[in-house]
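The values are calculated or read from the model by the stated rules, or taken from the named source; none is laboratory data. Just so you know, these numbers come straight off a predicted model, no measurement behind them. Cβ placement follows ideal geometry from the backbone for every residue including glycine, while neighbour counts extend to all protein chains displayed.
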Amino acid sequence: MPPPSDRRSSLLPTRRKTLHFHPTTTPRPRWLLHLQANMWRFLMSIGMLFHRLAPPRPPKPNFSRSIPCTLSSTPGTIPLQFYVPADWEAQRGLWERRPRLRGEMKDGDEVALAAESEDGGGKASGHRRVGSGLDSVGRSFRRRSVNVRRWGNYPVVINFHGGGFTLGTATDDARWCGTAVEELNAVVISVDYRLAPEFPFPTAVEDGADAVLWVYEHSDELGIDREKISLSGFSSGANMTFTVPLRLYDEQTGYHREDEASKDEAILHGSPSTVDSTRLSSSSSTKVASSPSPSDHPPSPSDPVSHHLDSAPLSSTHPTKPTPGTTARPIPIIPLRCLIPFYPSLDYTLTRTERRATLSPTIRAAHSLPPLFTDLFDESYLHPAPAIPLDSPYLSPGVAPSALLKAALPRDIVMVTCEYDMLLQEAEAFRRRLEEVGKRVWYSMVEGVGHGWDKGPNPVRATSGVREEYLRVCGVMRGVMGLERGGGRERERRGSMRVAGKGREESGEVMK
């Protein structure tokens, strides 16, 4: 292993003053990008076939669904691949055969029934007690039966695959999905978001937000716990674990960043501008003059959302403006439990050349993605080039306003990076920013490996250390989501992860 001084440079390069994408070579016509993307998709599918042949083989999805696109101005559908626990089908059968009542029991019914029982009498109250007698017996029976069922209590992990927003499919992360199902007894949903160049920025982010909304709104049908929703992703998909919550937050607050007509709103939430190259520590060129904060909207201690978001609007839903081809609907506030980004891409205000410069020449030659791929990714996704603000929070969460990160992201983030990755330093810089805004970041750097180390196309043997890293991440997630069983096995898995929050480390839960 080369000495530390030879692995990567110590500082990120100076940012560019321009914040719009400019191809490093002569721009290719879109038809050629389509042709090249399809060719590499075919070749990548062969590589992923070899990857899945390595023992132990990863599971196949249990079933799939296609959901409509509602946030994007480009109509279409988004396929979802579902990986479910072994008892999920049996639990669904129990739920479907549950006792049927004249009305579904809703939140607060038990409180209402208790209030009735304490009522001193009265004609109306008496009629209600008589009229609901059988229903009360039915509800009591159902409450007892629910106690022994898991339906409605499954945690859910929504996953976004990698591939530079241009390549890849929802089954590429099958090993991770299978591990999460096995270790967390969770429902894992991998999103086949639409790819560039057919669907450039910000379609992928909007599809990811649509998937989260759909899962939340169909929680009863899927048997999941709305309070235990996590997002995971790899590479560009890890970028989406941050940009999707930011997109959802803007949707919840009724703010559209692409709407330049509303100048007052742009001042409040921040609008793309230019970066001052002398301010390396600046959070973003996207300013937030009066971003929502806890002082603006004091959270209620009884509000479950306030535990996960540092600030939230007063209302639980917000009307949104319809985009072409869609209809407006209330957007619920979704209390995401945690984010799990693997080797994320976070700062597009840095050029690929500047990112590669963070690695030594020997490491760069052996582990860095060549321009053949990265140029294809950037030209495909960042289109039309002059119109793409590279500091947009939907593209570069690493330079998003601190107030937006504080308000929109959940408290817990489990981040895994690679030592020989040209994206490492921007990930470490973002980790420090997240800690500064009060997030608890569980961080691990896998030594001696490059970007995408867990997707090796070796059909004979799975890449060493991948499952162990997945298990450590699941151990942290178990604790974050309140699924800790207290076994020594779980403490051992979590023992090599480092958590830092508010400038300190917590003993016993540090991953190093």
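Can you tell me which residue is modelled with the highest pLDDT among those in region 460-494 that are in a loop (DSSP other than H, G, I, E, B) and more than 30 Å from P361 (Cα to Cα)? Spell out how you get there, then give the answer.
We begin by selecting, within region 460-494, every residue in a loop (DSSP other than H, G, I, E, B); these are 460-465, 481-487.
Narrowing further to those that are more than 30 Å from P361 (Cα to Cα): 460, 481-487.
Numbers: V460: 85, M481: 91, G482: 88, L483: 80, E484: 57, R485: 54, G486: 41, G487: 39.
The residue in question is M481.
The single residue among A174, A196, A209 that is of a type in the set (A, V, I, L, M, F, W, C) and closer than 19 Å to W88 by Cα turns out to be A174. For region 185-204, residues that are farther than 21 Å from Y394 by Cβ, aliphatic (A, V, I, L, M) and either more than 17 Å from the chain's Cα centre (by Cα) or in a loop (DSSP other than H, G, I, E, B) (or both) total 1.
Does region 98-105 include one or more residues that are modelled with pLDDT of 70 or more and not assigned by TED's automatic domain parsing to the domain that holds R257? Yes, the conditions are met somewhere in region 98-105.
Given the options D391, D375, name the one that is touching a residue at least 60 places away in the same chain (Cβ under 8 Å), in a helix (DSSP H, G or I) and assigned by TED's automatic domain parsing to the domain that holds S230.
D375
Against the conditions (1) crowded, with 18+ Cβ neighbours inside 10 Å; (2) under 30 Å from P459 (Cβ atoms), T70 satisfies every one except (2). Of the conditions (1) surrounded by 14 or more Cβ atoms within 10 Å (Cβ to Cβ); (2) modelled with pLDDT of 95 or more; (3) in contact with a helix residue (DSSP H, G or I) (Cβ under 8 Å, 6 or more places away or on another chain); (4) closer than 26 Å to N458 by Cβ, K60 clears all except one; give me its number. Checking K60 against (1) surrounded by 14 or more Cβ atoms within 10 Å (Cβ to Cβ); (2) modelled with pLDDT of 95 or more; (3) in contact with a helix residue (DSSP H, G or I) (Cβ under 8 Å, 6 or more places away or on another chain); (4) closer than 26 Å to N458 by Cβ, the one that fails is (1).
It is to be established whether one or more residues within region 412-421 are assigned by TED's automatic domain parsing to the domain that holds F342, part of a helix (DSSP H, G or I) and aliphatic (A, V, I, L, M). Checked against the condition, which is being assigned by TED's automatic domain parsing to the domain that holds F342, part of a helix (DSSP H, G or I) and aliphatic (A, V, I, L, M), region 412-421 yields no hits at all.
Restricting G237, G233 to those that are under 19 Å from M477 (Cα atoms) and outside any strand (DSSP E or B) reduces the list to G237.
Only a single item in (1) without any contact (Cβ under 8 Å) to a residue 40 or more places away in the chain; (2) in a helix (DSSP H, G or I) is not met by F50, and it is number (1). With respect to the stated conditions, T358 is polar (S, T, N, Q), crowded, with 23+ Cβ neighbours inside 10 Å and at pLDDT 90 or above.
A search for C-beta distances below 7 Å between a residue of region 146-172 that is assigned to a loop (DSSP other than H, G, I, E, B) and any residue that is among the basic types (K, R) and at pLDDT 95 or above, counting only pairs 6+ apart in sequence or on different chains, returns L167/R41.
Restricting attention to region 464-476, and to residues there that are in contact with a helix residue (DSSP H, G or I) (Cβ under 6 Å, 6 or more places away or on another chain) and of a type outside the set (F, W, Y), which single residue is surrounded by the fewest Cβ atoms within 10 Å (Cβ to Cβ)? Show your work before the answer.
Restricting attention to region 464-476, the residues satisfying the condition of being in contact with a helix residue (DSSP H, G or I) (Cβ under 6 Å, 6 or more places away or on another chain) are 466, 470-472, 474-476.
Next, only the ones that are of a type outside the set (F, W, Y) stay: 466, 471-472, 474-476.
Details: V466: 19, L471: 17, R472: 21, C474: 24, G475: 28, V476: 22.
So the residue we want is L471.
All of (1) over 26 Å from G398 (Cα atoms); (2) among the polar types (S, T, N, Q); (3) modelled with pLDDT of 85 or more; (4) part of a loop (DSSP other than H, G, I, E, B) hold for S345 with one exception: (1).
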